[in-house]
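Visitor: Below is one structure. I have some questions about it.
The values are calculated or read from the model by the stated rules, or taken from the named source; none is laboratory data. In this text the structure is predicted, and so the values were computed from the model without any measurement. Glycine also receives a Cβ, built like all others from the backbone with ideal geometry; neighbour counts cover every protein chain displayed.
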Amino acid sequence: MSLVSAKEMLETARKEGYAVGQFNINNLEWTKAILTVAQEKKSPVILGVSEGAGKYMTGYKTVVAMVKSMMESLNITVPVALHLDHGSFEGAKACIDAGFSSVMFDGSHYPFDENVDKTKEIVKIATQQGISVEAEVGSIGGEEDGVTGTGEVADPEECRKIASLGITMLAAGIGNIHGSYPDDWKGLDMGVLKEIGETTNNIPLVLHGGTGIPDDMVAEAISYGVSKINVNTEKQLVFAAAVRKYIEDGKDKVGKGFDPRKLLAPGVEAIQNVVREKMDLFGSTNKA
Ligand code: 13P
């Protein structure tokens, strides 16, 4: 199966009350780990690529070629969307040109009217080519220079306006944060999320900052219309811990244990376990 837009998989998820995971990729190992688990779990999946990760992998065209070839050689038959995560206006256009099947244009840092205008333009270009578009209102907090910002909670009226522009899915800041949550985190603002869910015409909602959100909050968020949940940091943490353990146990010094295919294997396995767990938690297992 070739890459698909995220539209159908997310609209089905919204209707049936579950969420599809967006799992960010950084390289071949991560891509292979996530695709094989999606196939094993019979789950639709969204591969997220940040602009930084795209650059790291030497460009969006390399990413498209790698993902498509890998899907063919691994015989992946579940629906897979290749999605730009937090794209700039130029980045979104570049990914559309390179063959991504889905893009996020994150205009949340612009004044609202500018966010609307730029989102509209991306929607126009993407829709002609059957590519799904994610927009953002409010902002997702996160750590910068050791300080964790809480982000800006989205205004439901602004969400309603952006949702009417023909976008496929909407990310709204509701107290969620990229990276690990601080001990004094107040949790997701369920009141605002519920209101956004009720005023945005059943559009699939996106929950960023999926790392470390308690299971019951995830379930509640899904009940208000969250149909896509992004997970990145949790995979990075388990990958690093597993590779660290391998080296600290001295396994790279035994036989050919220094072979990168052996050295990275525990990290890959750790990522796969996280993806399996999330697919079960989000309810996307057996939905492909
Ligand atoms: P985490 O890194 O907190 O899991 O968030 C991922 C994300 O939202 C990517 O857009």
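Visitor: Suppose we filter Gly187, Gly225, Gly267, Gly257 for residues that are at positive phi and touching a helix residue (DSSP H, G or I) at 6+ places or on another chain (Cβ under 6 Å); which single one remains? Don't jump to the end; show me each part of the working.
Guide: Numbers: Gly187 fails: touching a helix residue (DSSP H, G or I) at 6+ places or on another chain (Cβ under 6 Å); Gly267 fails: at positive phi; Gly257 fails: at positive phi.
After applying the criteria, what remains is Gly225.
Visitor: Okay, next question. Being under 29 Å from Pro182 (Cβ atoms), at pLDDT 95 or above and acidic (Asp, Glu) is true for just one of Glu114, Glu134, Glu121, Glu152. Which residue is that?
Guide: Checking each option against the conditions leaves just Glu134.
Visitor: Out of Glu114, Glu152, Glu121, Glu134, I need the residue that is part of a loop (DSSP other than H, G, I, E, B) and either acidic (Asp, Glu) or in contact with a strand residue (DSSP E or B) (Cβ under 8 Å, 6 or more places away or on another chain) (or both). Which one?
Guide: Working: Glu114 fails: part of a loop (DSSP other than H, G, I, E, B); Glu121 fails: part of a loop (DSSP other than H, G, I, E, B); Glu134 fails: part of a loop (DSSP other than H, G, I, E, B).
Selected residue: Glu152, the only one of Glu114, Glu152, Glu121, Glu134 that is part of a loop (DSSP other than H, G, I, E, B) and either acidic (Asp, Glu) or in contact with a strand residue (DSSP E or B) (Cβ under 8 Å, 6 or more places away or on another chain) (or both).
Visitor: Further, regarding this structure: So which of Lys245, Lys235, Lys256 is within 17 Å of Ile34 (Cβ to Cβ) and among the basic types (Lys, Arg)?
Guide: Selected residue: Lys235, the only one of Lys245, Lys235, Lys256 that is within 17 Å of Ile34 (Cβ to Cβ) and among the basic types (Lys, Arg).
Visitor: Among the residues of segment 239-272, count how many are more than 17 Å from the chain's Cα centre (by Cα) and in contact (Cβ under 8 Å) with a residue 24 or more places away in the chain.
Guide: Residues of segment 239-272 more than 17 Å from the chain's Cα centre (by Cα): 239-270.
Then keep just the ones that are in contact (Cβ under 8 Å) with a residue 24 or more places away in the chain; that gives 239-243, 264, 266-270.
Total meeting the criteria: 11.
Visitor: Pairs under 9 Å by beta carbon, first residue over 15 Å from Asp189 (Cβ atoms) in segment 206-228, partner in a helix (DSSP H, G or I) and of a type in the set (S, T, N, Q), six or more apart or different chains?
Guide: Gly210/Thr233; Thr211/Thr233; Thr211/Gln236; Gly212/Thr233; Ser227/Thr12
Visitor: Can I ask one more? With a cut-off of at least 1 residues that are within 13 Å of the ligand (Cβ to nearest atom), name the helices (runs of 4 or more DSSP H) lying wholly within segment 182-288. Spell out the reasoning first.
Guide: Details: elements: 190-199, 215-223, 233-248, 260-263, 265-282.
Where helices (runs of 4 or more DSSP H) fall fully within segment 182-288 and carry at least 1 residues being within 13 Å of the ligand (Cβ to nearest atom), they are 215-223, 233-248, 265-282.
Visitor: Could I ask something else about it? Going by what's in this entry, would Glu134 be described as surrounded by 22 or more Cβ atoms within 10 Å (Cβ to Cβ), among the acidic types (Asp, Glu) and closer than 21 Å to Ser2 by Cβ? Don't jump to the end; show me each part of the working.
Guide: Details: surrounded by 22 or more Cβ atoms within 10 Å (Cβ to Cβ): yes; among the acidic types (Asp, Glu): yes; closer than 21 Å to Ser2 by Cβ: yes.
It is true that Glu134 is surrounded by 22 or more Cβ atoms within 10 Å (Cβ to Cβ), among the acidic types (Asp, Glu) and closer than 21 Å to Ser2 by Cβ.
Visitor: How about segment 155-181: which of its residues are within 12 Å of the ligand (Cβ to nearest atom) and assigned to a loop (DSSP other than H, G, I, E, B)?
Guide: Gly173, Asn176, Gly179, Ser180, Tyr181, listed by residue number.
Visitor: Looking at (1) surrounded by 19 or more Cβ atoms within 10 Å (Cβ to Cβ); (2) in contact with a Gly (Cβ under 7 Å, 6 or more places away or on another chain), can you tell me which one Gly210 breaks?
Guide: Here Gly210 meets the rest and fails (2).
Visitor: Being farther than 13 Å from Ser284 by Cβ, surrounded by 14 or more Cβ atoms within 10 Å (Cβ to Cβ), within 16 Å of the ligand (Cβ to nearest atom) and without any contact (Cβ under 8 Å) to a residue 40 or more places away in the chain, is that true of even one residue in segment 32-47?
Guide: Yes - at least one qualifying residue is present in segment 32-47.
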